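Have a look at the structure below, then the notes.
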Amino acid sequence: MSLSLPQAISTYFSISNGADIAGVKQCFTADAVVFDEGKTHQGHAAIEAWQRAAQATFDYSVEPIQVLAEGDRVTVTSNVVGNFPGSPVELKHAFGLVGDKINTLEIF
């Protein structure tokens, strides 16, 4: 399914699916914060490290299936399939945008 996503969010999902992790600088603000699995990752270096660790630990793919935009908050529901316990799983990615970049991301 093809969804219309803001460019920064589209880039984030490309990175999640194996694109160059250095691209986080293109889609996240310098002070962006990611909340995932009870941990907080702030800034480009920490977000890159979080993505590298996830990709090194598991093989997975993320497919956005639904999007809900409310002002500067965009919530994307995704199917995540991989070699991790509980796969497949449906996750929500709640993005806070500032201008054309992601400033916050909460995955739940």
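The values are calculated or read from the model by the stated rules, or taken from the named source; none is laboratory data. These numbers were taken from a predicted model, which means no experiment stands behind them. Counting neighbours? That spans all protein chains shown, and the Cβs are built from the backbone with ideal geometry, glycine included.
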(request) Confirm whether residue 92 is on the phi < 0 side of the Ramachandran plot, at pLDDT 95 or above, charged (D, E, K, R) and within 12 Å of the chain's Cα centre (by Cα). (result) yes
(message) With the requirement that a residue be part of a strand (DSSP E or B), surrounded by 14 or more Cβ atoms within 10 Å (Cβ to Cβ) and polar (S, T, N, Q), what does the range 48-76 give you?
(response) 61, 75
(request) Among the numbered conditions (1) buried (at least 19 other Cβ atoms within 10 Å of the Cβ); (2) in contact with a Lys or Arg (Cβ under 9 Å, 6 or more places away or on another chain); (3) in a helix (DSSP H, G or I), tell me where residue 29 comes up short. (result) (3)
(message) Please go through the range 32-47 and give me each residue that is touching a residue at least 40 places away in the same chain (Cβ under 8 Å) and either surrounded by fewer than 15 Cβ atoms within 10 Å (Cβ to Cβ) or over 13 Å from the mean Cα position of the chain (by Cα) (or both), ordered by number.
(response) 37
(message) Suppose we filter the range 70-97 for residues that are out of contact with any Asp or Glu (no Cβ under 7 Å at 6 or more places or on another chain), in contact (Cβ under 8 Å) with a residue 12 or more places away in the chain and farther than 13 Å from residue 13 by Cβ; how many remain?
(response) 8
(request) Report, by residue number, each residue of the range 1-17 that is under 13 Å from the mean Cα position of the chain (by Cα), surrounded by 12 or more Cβ atoms within 10 Å (Cβ to Cβ) and over 15 Å from residue 96 (Cβ atoms). (result) 10, 11, 13, 14, 15, 16, 17
(request) From (1) out of contact with any Phe, Trp or Tyr (no Cβ under 7 Å at 6 or more places or on another chain); (2) β-branched (Val, Ile, Thr); (3) within 13 Å of residue 16 (Cβ to Cβ), pick out the condition that doesn't hold for residue 62. (result) (1)
